[in-house]
Amino acid sequence: MARLTIQAPKPKKVKKTKQQLEEERKQAEEAARLAEEERLRLEAEEQARKAAEEEKRQELIQLQTEREDARLASERQQLEPTFADLENRCAQVRKLQQQAEDWERYLLCTPLPDVRDAAGVHAYFAEAATRQHKDIASVLHTCQEYYTLIRQCQQVHLAALQKGDTDLQQQCQKCVQQWQTVLEDAIDAHTASILQNPEEYQDEAGGMQVCSQTSMLKYGLWVNTSKNPRLKTVDFPKLGISLEIPKLIALASVALRVQWRECDEHLEQCTTDFMAVGGVLHLDILSLPVPSNKANGWTLRPVTNDSLVIHRLAYPTPPAGADPETWVPEEEPQPIGISISLPQGSILPSTNLQAAFWDRKHSLWSTADMSSVTISDDSGVVAFQSKAIGCLAVVQKRTGLLPYQGWHVRPAGGRSGAQAMVSLQTGNTDISTTFKVTKEGIELVEPRLPRLAGVRGRSFAAPVLLFELMQRGLYLTPQAKDSGPADLALKEANVATAMCEDIALLGSTHLMKHSRWNRHVGPQVCLCRISQVNDWEEGGRIEVRHVDRIFTKEQPSGPHQVQALMRRGLKGVALTDALDTRASCPALPQYGSPEYDNTFLDRLHASIPALLSASAAQDRQEAAEAVPANLEESNTVDAASSAASTAENPAATASVVDSTMLHDVEPMFMRNLAELLDGLGVFSC
C-alpha cells in the first residue's frame with residue numbers, strides 16, 4: 001500500500017523595504033568606522049610604545065658609547081707616550097738600516113739606484129739609453145740591471161699592497177710596465193741589428209745561431225738558412241733549450257728567437273688564479289729582412305725604417321693579403337715541441353702543472369692549444385707542446401696553498417726574548433711553512449725544498465721574503481682578487497693590520513693560534529686565541545706539541561688558560577667567549593643591549609696593555625668578592641660609594657693602564673712580526 005507524503009508549503013520570502021536596507025548599510029558603515037578607529041588607535045599605541053623603546057635604546061646607546069669613548073680616550077692618553085717611544089725607536093733602527101744599505105750600495109759601486117729615488121732612477125735610465133752595445137752579451141748585462149730594478153719595484157709594490165697604499169701601488173705598476181717596455185725595446189733593437197748583418201754571425205757551415213745568458217735572462221736566436229725539410233730540432237745547448245719545429249717552419253725563411261726570464265712578469269696583471277713557475281719563455285717567429293747583395297767586393301744592403309725593427313709573425317703564418325685577426329687555417333697546425341732545462345728543484349712539487357701562453361687581450365694565462373707538462377726529476381728538464389707562440393710558461397694555481405688550515409705563533413727566545421716562530425698549515429697540501437722572526441728580520445725555516453735553498457736561512461724584511469717565495473711558486477700573500485677562487489673570508493685591510501700589530505706585542509710572552517670562528521664574524525672583526533707562557537723557570541711550554549695540547553684542551557683558568565682575543569673594527573680589542581670548543585659562534589653584544597654593560601667579556605679597550613691591565617684588575621676584583629661574609633660587610637659602604645662615583649662619572653670606568661710590559665718589547669721584533677702576519681693574511685685565511 002503506497003504512502004502519501006504531505007510537504008508543508010515553503011514560506012514566502014519577505015522583501016526588505018528601502019528603509020530597512022538603508023538602516024543595515026548605515027549600521028555596517030558605523031561598525032566598519034569603529035573597527036578602523038580601534039585599529040588606528042591600537043596601531044598608534046604600538047608605534048608610540050616602539051618609539052618610546054627606541055628612544056630609551058638610543059639613550060642607552062649614547063650612554064654606552066660615551067662611557068666607552070671616555071674609557072678608550074683615557075687609555076689611549078696613558079699609552080700614547082709609550083707607543084710614541086716605540087715608534088721613535090723603530091724609526092731610528094730603520095734609519096740606521098737604510099744608511100747601512102746605502103753604504104753597502106756605495107761600496108759595491110753599482111750603477112743601480114734605489115727604486116724609491118725617482119730622480120736617481122730617471123738619471124740611471126737616461127744614462128743607460130746612451131750606452132753603445134757591441135754584442136748581445138752587453139745588451140743582456142744592461143737588461144739584467146733593468147730586470148733587477150723591476151724586481152725591486154715589485155717588492156715595493158707588495159709592501160704598498162699590504163699597507164693599502166693605492167697611490168704607491170699604481171706608481172709601481174706604471175714603473176714596472178715602463179721598464180719592461182725599455183727592456184724589450186733594447187733586446188728587439190739588437191735583434192734587428194743581428195738580422196740586418198747576418199754574415200757577421202754565420203758559422204763555417206753557413207748556419208746562424210746567437211746565444212747569451214745571465215743569471216736572470218737567456219737569449220737565443222736561430223736563423224733558418226738551409227730550409228731543410230728534414231730538420232726536426234733546433235737546439236740551444238748553451239741555454240738548455242730545445243725546439244721541435246714542424247715542417248711549416250723548417251721550410252720558411254724565418255728566424256726563431258727564445259728568451260727565458262726568471263720571474264713571472266704578469267703576476268699582478270693576471271685576472272685568473274694562475275701563476276707561472278720556473279720563469280717564462282718568450283718564443284717569437286721573426287721575418288727576415290731583404291738579404292744583401294755582393295758585387296765587386298762591395299756589400300749592398302738595403303736600409304729602411306723597417307729594417308731597424310723586428311717583425312713578429314703569427315703561427316701559423318697567414319698567406320699574403322689575409323687579415324691575421326680573422327684568418328683561420330684550413331688544416332690544424334702542428335704543435336711546436338719545447339723543452340727547457342731549469343735549475344734543480346726550480347718548480348715546487350705539484351700535481352696540477354699545466355702549460356699556458358699569455359693572452360694579452362684578456363690578461364690571463366690560457367691553456368688552450370697547449371699539451372700536458374712532463375718533468376724529469378733527474379735532469380730538471382720541463383717539456384710540453386704548444387700551438388701558440390709568444391710568452392709561454394708552466395703554470396699552477398696561485399691559490400693552491402689557500403686558505404690556510406691553521407697558524408700559530410710561539411715564543412722562541414726565552415723570557416723576554418725577541419724571537420718567535422710563526423707556523424702555517426697551508427691548504428690542500430701537506431707542506432708546513434715556518435718562519436723565525438727576530439729583531440734583525442725574518443728567516444724561512446721550512447719547507448726544506450731545493451727551490452727555496454737560496455732564501456732559507458737568510459734574514460729578510462717581510463715584503464722582500466714573501467716576494468722571493470712568491471717568485472719561487474710559494475704564494476703566501478693573499479689579495480682581494482683571491483677571495484673567490486680560494487674562498488677567503490677577507491677582513492678590512494686596516495682592521496687586519498691593527499690586529500696584527502696588537503698580537504705582535506705578545507710575541508715574546510704568549511702562545512697564539514687561529515680561531516675557527518674568525519671567518520664567521522664579518523669583515524670588521526678579527527679573532528684569535530692566546531695563552532700566556534707562565535712556566536719559564538721550567539723552560540717554558542713553547543714547543544709545537546705544547547701549542548697543540550694547550551689549545552686543544554682550552555682550559556678556562558689556571559696557568560695554561562686559553563682566551564679568545566677580538567678586535568672590533570678600529571675601536572679596540574677585547575676578550576670574548578669565542579673559544580673553539582663552543583658548539584657555535586657566540587653573537588657579539590650590540591650597543592643598546594643590557595648585555596653590553598653586564599659582562600667584562602667583549603668590553604673594548606684601546607690596546608693590548610690596557611686590556612691586560614683591565615683583565616688583571618677584574619681577576620683581583622673576583623678574588624676580593626670571594627672573601628668571607630664578615631669581610632664583605634665591612635666593605636659594603638666603600639663599594640656603594642665607589643659605584644655611586646662611577647655612575648656620576650662614566651670616565652671613571654677607565655682602568656689605570658700598566659704599560660710596563662711595553663718597556664721590554666723589542667720594537668723591531670714587534671714590527672717584523674706584525675708585518676709578517678699582515679703579509680701572510682692570517683686573519684683573511
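The values are calculated or read from the model by the stated rules, or taken from the named source; none is laboratory data. The structure presented is a predicted model; accordingly, all values stated were derived computationally and were not measured. Reconstructed Cβ throughout: ideal geometry from the backbone, glycine too, with neighbour counts over all protein chains shown. Surface accessibility is based on the protein's heavy atoms, side chains included, excluding ligands, DNA and RNA. Shrake-Rupley method; radii C 1.70, N 1.55, O 1.52, S 1.80 Å.
Provide the packing ranking of 602-610, 279-287, i.e. peptides ordered by the mean count of other C-beta atoms within 10 Å per residue, highest first.
On the way: 602-610: 22.2, 279-287: 20.7.
The packing order, highest mean first, is 602-610, 279-287.
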Revision key, fill the gap. In this structure, among Lys174/Lys481; Lys227/Lys361; Lys436/Lys491; Lys481/Lys513; Lys361/Lys481; Lys174/Lys397, pairs with alpha-carbon gaps over 28 Å are Lys227/Lys361
Practice item. Once you have a ≥ b ≥ c as the square roots of the Cα gyration tensor eigenvalues for the stretch 26-147, tell me rounded if a/c is under 1.5, and otherwise prolate or oblate according to whether a/b is larger than b/c. Key: oblate
**Study point:** Protection proxy ranking of 389-395, 185-191 - average other beta-carbon atoms within 10 Å, highest first
**Key:** 389-395, 185-191
Revision key, fill the gap. Counting Lys and Arg as +1 and Asp and Glu as -1 over every other residue whose Cβ sits under 14 Å from the Cβ of Gly207, the net charge comes to -4
Study note, to complete from the structure: Checking rank on 37-48, 484-495, with mean other Cβ inside 10 Å and highest first, the result is 484-495, 37-48
**Study point:** Accessible area of the stretch 152-279 belonging to carbon and sulfur atoms, whole % at 1.4 Å probe
**Key:** 48 percent
Study note, to complete from the structure: In whole Hz, the Karplus estimates of ³J(HN,Hα) for the stretch 124-135 (6.51, -1.76, 1.60; θ = phi - 60°; x where Gly or Pro) are 5, 5, 5, 6, 5, 5, 8, 5, 9, 9, 8, 8
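I want the local charge near Leu248. Using Cβ-Cβ distances under 12 Å, sum +1 for each Lys or Arg and -1 for each Asp or Glu among the other residues. Don't skip to the end; give the middle numbers.
Details: positive: Lys227, Lys247, Lys387; negative: Glu331, Glu332.
In short, +1.
Rounded to the nearest 20 debye, what is the charge dipole size of the stretch 205-304 about its Cα centre when +1 sits on each Lys and Arg Cβ and -1 on each Asp and Glu Cβ?
Details: 10 positive and 8 negative charges, 168 e Å.
Computed about the Cα centre, the dipole is about 800 debye.
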Review point. Where Rh is the Kirkwood radius over the Cα pairs of the stretch 203-248, the temperature 37 °C and the viscosity 0.692 mPa s, what D in µm²/s does Stokes-Einstein return?
Key: 279 µm²/s
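Could you calculate the contour length gain from Gln524 to Glu204, that is, 0.36 nm times the residue separation minus the distance between their Cα atoms, to one decimal place in nm? It would help to have the intermediate numbers written out before the result.
Values: separation 320, 0.36 × 320 = 115.20 nm, distance 7.15 nm.
Here the answer is 108.1 nm.
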Review point. Relative to the present Cα-Cα distance, how much length would full extension add between Gln98 and Leu449 at 0.36 nm per residue of separation?
Key: 123.2 nm
**Study point:** Stretchable slack from Ser432 to Thr374, in nm (0.36 nm times residue separation minus alpha-carbon distance)
**Key:** 18.3 nm
Review point. Accessible area per residue of the stretch 275-317 at 1.4 Å probe, in Å²?
Key: 59 Å²
Review point. Can you list the HN-Hα couplings for the stretch 172-189, worked out from phi with the Karplus curve (6.51, -1.76, 1.60; θ = phi - 60°), rounded to whole Hz and with x for Gly and Pro?
Key: 5, 4, 5, 5, 4, 5, 5, 5, 5, 5, 4, 4, 5, 5, 5, 5, 4, 5
**Study point:** At R0 = 56 Å, FRET efficiency that the Cβ-Cβ distance of Leu288 and Asp69 yields, to 0.05
**Key:** 0.15
Revision key, fill the gap. Calc'd 3J(HN,Hα), the stretch 381-394, phi into Karplus 6.51 cos²θ - 1.76 cosθ + 1.60 (θ = phi - 60°), Hz, glycine/Pro = x, comes to 8, 10, 10, 7, 10, 9, 9, 10, 10, x, 8, 10, 6, 8
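Going by the alpha-carbon gyration tensor, a ≥ b ≥ c the square roots of its eigenvalues, is the stretch 425-498 rounded (a/c under 1.5) or, if a/c is not under 1.5, prolate (a/b greater than b/c) versus oblate? Kindly include the intermediate steps, with their values, before the conclusion.
Details: a/c = 2.12, a/b = 1.36, b/c = 1.56.
It is oblate, given that a/c is not under 1.5 and a/b is not larger than b/c.
Tell me the per residue accessible area of the stretch 451-516 using a 1.4 Å probe; a whole number in Å² is fine.
On the way: 1970 Å² over 66 residues.
Value for the stretch 451-516: 30 Å² per residue.
Nearest 0.05, what FRET efficiency do Gln555 and Asp167 give at R0 = 30 Å with Cβ-Cβ as r? Intermediate values should be presented prior to the final figure.
On the way: r = 48 Å, r/R0 = 1.60.
With R0 = 30 Å, the Cβ-Cβ based efficiency is 0.05.
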Check your understanding: Efficiency by 1/(1 + (r/R0)^6): what FRET value for Gln178 and Gln47, r their Cβ-Cβ distance, R0 = 51 Å, to the nearest 0.05?
Key -> 0.20
Point to revise | Distance between the stretch 37-90 and the stretch 239-312 - C-alpha centres, whole angstrom | key: 68 Å
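How would you classify the stretch 430-560 from its alpha-carbon gyration tensor, with a ≥ b ≥ c the square roots of the eigenvalues: rounded for a/c under 1.5, else prolate if a/b is greater than b/c, otherwise oblate?
Details: a/c = 1.86, a/b = 1.19, b/c = 1.57.
Note, shape of the stretch 430-560 comes out oblate.
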**Study point:** Pair Gln62, Gln132: separation of 7 Å Cα→Cβ label points (nm)
**Key:** 8.2 nm
Practice item. Run the 1.4 Å probe and let me know the accessible area of Glu29, rounded to the nearest 10 Å². Key: 100 Å²
Study note, to complete from the structure: In nm, the gap between the two label points placed 7 Å beyond Cα toward Cβ at Ala91 and Glu24 is 9.2 nm
